Structures are given as structure tokens and as C-alpha cells.
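The values are calculated or read from the model by the stated rules, or taken from the named source; none is laboratory data. Because the structure is predicted, anything quoted here is derived from the model rather than measured. Note that we place each Cβ from the backbone using ideal geometry, even for glycine, and neighbour counts take in every protein chain shown. Heavy atoms of the whole protein, side chains included, go into the accessibility calculation; ligands, DNA and RNA do not. Shrake-Rupley method; radii C 1.70, N 1.55, O 1.52, S 1.80 Å.
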Amino acid sequence: MEATNDYRYQKAKARVKEIKEFYTHATVYVGIISLLALLNYFTTSFPWVIFPALGWGIGLVAHGFCAFGYNPILGKNWEERKIKELMDSDTF
């Protein structure tokens, strides 16, 4: 029972760290893209800021999927199911 609680605590702690890193990433994204948008506005009429915003935004969305445990390709809790499957079959 103690090992299970410790394992769950470690998993929860790791998830909180991932979510915190995502929020940091999102904050930096908003700050840098805002500065780039201002630079774009005052230097040229071509809206070049959309390129870094879209590129980095795609990475931010992917980071968010990982941080919040959403995987549209493999499904929810795929990693846990795969670990259980491999542990049950002893094929690793």
C-alpha cells in the first residue's frame, strides 16, 4: 500500500511539474509574440509576426497536449495501458 501511494505521489508531482512548465512556456510565448507584434507594427506593413506566432503556437499546443495528458493519436492513458500490458506479458 505504501509503495502504491508513493508511486501515485511521484506521478502527481511529475504531472504538476509538466503543467507548471507549460504555463511558463505559455507566458513566455505571449510576452515574446507581443513584443514581436509591436516591432512588426512599428517597422513594416507586412504582418510577418504571424509566422513565428503560428510556428511557436503549434509547439505550444503540442506541449499543452502532453502536459494535460491529451493524446489525440494514441488515446487517453495509452502509456499506462501499454506499461500494464508489457508488465503482464513479461515481453520486455
**Asked** Given labels modelled 7 Å from the Cα in the Cβ direction, how far is it in nm from residue 3 to residue 34?
**Response** 4.9 nm
**Asked** Carbon and sulfur together cover what percent of the accessible area of the chain at a 1.4 Å probe radius?
**Response** 68 percent
**Item:** Stretchable slack from residue 13 to residue 43, in nm (0.36 nm times residue separation minus alpha-carbon distance)
**Value:** 6.3 nm
**For the stretch 39-47, 3J(HN,Hα) per residue [Karplus equation, 6.51 cos²θ - 1.76 cosθ + 1.60, θ = phi - 60°, Hz, x = Gly/Pro]** = 4, 4, 4, 8, 10, 7, 8, 7, x
**Request:** Identify which of the listed values of Rg/Rh (Cα atoms, Kirkwood Rh) was calculated from the structure shown: (1) 0.95; (2) 1.21; (3) 0.92.
**Result:** (2)
**Item:** Surface per residue (accessible, 1.4 Å probe) for the stretch 1-66, Å²
**Value:** 79 Å²
**Prompt:** When the dipole is taken about the Cα centre of the chain, and only Lys, Arg (+1) and Asp, Glu (-1) are charged at their Cβ, what size is it in debye, to the nearest 20?
**Reply:** 240 debye
**Request:** For n ≥ 4 DSSP H runs only, could you compute -39500 (n - 2.57) per run for the chain, divide by its residues and tell me the 222 nm figure to the nearest 500?
**Result:** -27500 deg cm²/dmol
